[in-house]
Amino acid sequence: MPACSTARLPASAGEGALNAARAQARLTAADRLVRAGCYDCLVAAYREFEALTAVPVVADTGYLTIARNHGAAVPDAPGRAPQLLDAVAALTGVIYGVNRRLAGDDELDRSIQFSRNRDTYVKALRDAAPFDELGAYAWATYMCRIAAEWRNATLDEIFVASPALADTPLMLFRRATCRGLDERVLETLLQQDPRFGEVPYLLGLIAVGRQDLDGSEALFGRAHDWRPRWPSLLQAMGDVAMTAEDLENAAALYGQASAVEPRSVDARLGKVRALTYLGRHEDAIAATDPLLASNWSLGDARYWRALNEAELQRYDEAWADVEEAGKLLLNSDVPKLAGIIAYRRHELDVARARFEQSRERNPADCEVRFYLGVVRAEQSAWLETADTLMRAGECLEQLERRLRAEIAAIAARPASRPDRRARRGRRSVRRPRA
């Protein structure tokens, strides 16, 4: 009836219409932020949606109308929502561009939950993909990182489910971080929208892959200015510092990462390694305690604990820890360390057996050959000693040639920091000596 009348609306009605229009404009702006795709954009969109739920005109009319309209277009949306959100929760452990181990029991639980409900979750994700940003992004995340049966799928096949959203920055970013990092697309996104503060971090990872430590450090620095308490970034910065043998800085960065995210196993192990190489053996031993308490990466924690105990000549404790590490790790380093500890305990037969086991697992380790020759000499096995030490000498000569070539390559690369070039030109073997 009012639509057919020429009379003016009451003031209250006019004010309500104005408020509704303003709320609709805010909703539209928040939707644009979602499609913009950057982390800051998504946070701003979330806060705006949260704020709008407190606006009566949205809570009572506008927002419900939008929800009803969406439900009319997608009749089964309410039924799909819980399963879709459960599936999304199981995907939250993914850190794009970084391959890392699970960070704790909660991530393991989510991984198990997804495996147990795989068919249900995959159907929910696939069904939701064509309808909105959440569905499209969740399906792409599953396809990019988890779907073993689609390992050989092309990017076009992965993103075909949501063609209407394909050119939005949100989905372009998802595509650029799917099964690798697309440097060109990431740089374009950053140039077009400087709000993509996460992109320098990803470009820094690409630089690390090219062994461009100075370039990666500069890019990580930009990301750090944007988010100084980002655990993955701090860990990556620690890795660069460790590679450059800037050990004090590496230990500090790993410590910051684990302080922000205490479940970060790799950051805690990085700190232990850095402290070990600094010769701060008591501190390194203490840094293994949280790992042992968490029951994560126990083999690695026991190995590094044993190494530091051996450096402090606590051979009985070191032997107990390296034996525990041997039950959990299958590599050449554990029996090698066990051989060194046994040799220092004057247990030559045990040392020889462990060095032989290490050599079987890694025939290219020249040090193990040398250690084995030393033990055989002390056992007066002269013919075996001569053969073993001769082969160790040949191995070390080949290793020296490779290292000289690496040093020459390092010297040929431009470096903005002379101290870094000097450190990168050194190569030291940081493990207990027999």
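The values are calculated or read from the model by the stated rules, or taken from the named source; none is laboratory data. It should be emphasised that the depicted structure is a prediction, and the values quoted were computed from it without experimental measurement. Counting neighbours? That spans all protein chains shown, and the Cβs are built from the backbone with ideal geometry, glycine included. The protein model used for the area step is the full one, side chains on, heavy atoms only, and it has no ligands, DNA or RNA in it. Shrake-Rupley method; radii C 1.70, N 1.55, O 1.52, S 1.80 Å.
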Checklist entry - If only one of Glu217, Glu187 is more than 18 Å from the chain's Cα centre (by Cα) and either outside any loop (DSSP other than H, G, I, E, B) or under 29 Å from Met242 (Cβ atoms) (or both), which one is it? => result Glu187
Checklist entry - Of the residues Arg268, Arg263, Arg273, which single one is touching a residue at least 40 places away in the same chain (Cβ under 8 Å) and either under 25 Å from Leu292 (Cα atoms) or outside any helix (DSSP H, G or I) (or both)? => result Arg263
Checklist entry - Is there a residue in region 349-366 that is small (Gly, Ala, Ser), more than 33 Å from the chain's Cα centre (by Cα) and at pLDDT 90 or above? => result yes
Checklist entry - Which residues, counting only those in region 309-322, are open to solvent by 60 Å² or more (accessible area, probe 1.4 Å) and out of contact with any helix residue (DSSP H, G or I) (no Cβ under 7 Å at 6 or more places or on another chain)? => result Gln313, Arg314, Asp316
Item to check | Matching residues, region 164-210, being in contact (Cβ under 8 Å) with a residue 60 or more places away in the chain and over 22 Å from Cys144 (Cβ atoms) | outcome: Arg195
Checklist entry - Does Thr288 qualify as being assigned to a helix (DSSP H, G or I), polar (S, T, N, Q), touching a residue at least 40 places away in the same chain (Cβ under 8 Å) and within 21 Å of Ala338 (Cα to Cα)? => result no
Checklist entry - Of the conditions (1) open to solvent by less than 40 Å² (accessible area, probe 1.4 Å); (2) on the phi > 0 side of the Ramachandran plot, Gln211 fails just one. Which one is it? => result (1)
Next on the checklist: Please go through (1) hydroxyl-bearing (Ser, Thr, Tyr); (2) surrounded by fewer than 15 Cβ atoms within 10 Å (Cβ to Cβ); (3) touching a Leu at 6+ places or on another chain (Cβ under 6 Å) for Thr154 and return the number of the only condition it doesn't satisfy.
Outcome noted: (3)
Checklist entry - Quick one: Ala250 ticks every box in (1) under 30 Å from Phe220 (Cα atoms); (2) open to solvent by 10 Å² or more (accessible area, probe 1.4 Å) bar one, so which box is it? => result (2)
Item to check | Subset of region 351-361 that is open to solvent by less than 50 Å² (accessible area, probe 1.4 Å) and out of contact with any Leu (no Cβ under 8 Å at 6 or more places or on another chain) - its residue that is farthest from Glu309 (Cα to Cα) | outcome: Ser358
Checklist entry - Does Leu181 meet the test of being at pLDDT 90 or above, farther than 22 Å from Ala44 by Cα and open to solvent by less than 60 Å² (accessible area, probe 1.4 Å)? => result yes
Checklist outcome for this item: The lone condition Glu323 fails out of (1) at pLDDT below 95; (2) part of a helix (DSSP H, G or I) is (1)
Next on the checklist: Please pick out the residue among Ile112, Ile158 that is closer than 29 Å to Val208 by Cα, among the β-branched types (Val, Ile, Thr), part of a helix (DSSP H, G or I) and modelled with pLDDT of 80 or more.
Outcome noted: Ile158
Next on the checklist: Against the definition (touching a Pro at 6+ places or on another chain (Cβ under 8 Å), in contact (Cβ under 8 Å) with a residue 24 or more places away in the chain and among the polar types (S, T, N, Q)), how does Ser232 come out, yes or no?
Outcome noted: no
Item to check | Test for Arg273: is it crowded, with 23+ Cβ neighbours inside 10 Å, closer than 21 Å to Thr243 by Cβ and among the charged types (D, E, K, R) | outcome: no
